[in-house]
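The values are calculated or read from the model by the stated rules, or taken from the named source; none is laboratory data. All of these numbers come straight from a predicted model, not from anything done at the bench. No Cβ is skipped: glycine too gets one built from the backbone with ideal geometry, and neighbour counts run over all protein chains shown.
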Amino acid sequence: MIVLIIILFLASEVLAEQAVYVGMDKCKACHSKIVKEYSGFKRSRNFRILEMRGKEHDPQCLPCHTTGYGEPGGFVSVEKTPHLKNVQCETCHGPASLHLKATTLEEKRKTVKVPHNICTKCHTQHGHREF
């Protein structure tokens, strides 16, 4: 019986719902002031740089000019996932679907993870340090 309980517990961990990207418009509902302020920064519109240079399909550029490129549920293309172009909240805070589903502040806080090295994924000598 104990073995069955352990197996069920481990299976539930494996089957736990994975967070997916939802796009910055979903963040506006609760964080409208922050989203409005962020929208004034260049990085909130940095995908257009790729479009101006004809690099909107360049896999070397997309990780730093979109949200979640190369990750499950992340940016795929402007045609398929237009709501994930540009650097958005979830680029740093992670996919927000579970955050949106959480019903208490404590649950919401548990869904937000900012890796210590998140900035250096793009801001390196090979990237564009000034932004």
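Summary table below
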{"read-out": "Residue in the range 27-78 that is farthest from the chain's Cα centre (by Cα), counting only those that are of a type in the set (Asp, Glu) and part of a helix (DSSP H, G or I)", "value": "GLU51"}
{"read-out": "Within the range 92-131, considering residues that are hydrophobic (A, V, I, L, M, F, W, C), surrounded by 11 or more Cβ atoms within 10 Å (Cβ to Cβ) and not in a loop (DSSP other than H, G, I, E, B), the one modelled with the lowest pLDDT", "value": "CYS119"}
{"read-out": "Selection status of VAL87, surrounded by fewer than 17 Cβ atoms within 10 Å (Cβ to Cβ), touching a strand residue (DSSP E or B) at 6+ places or on another chain (Cβ under 8 Å) and in a loop (DSSP other than H, G, I, E, B)", "value": "no"}
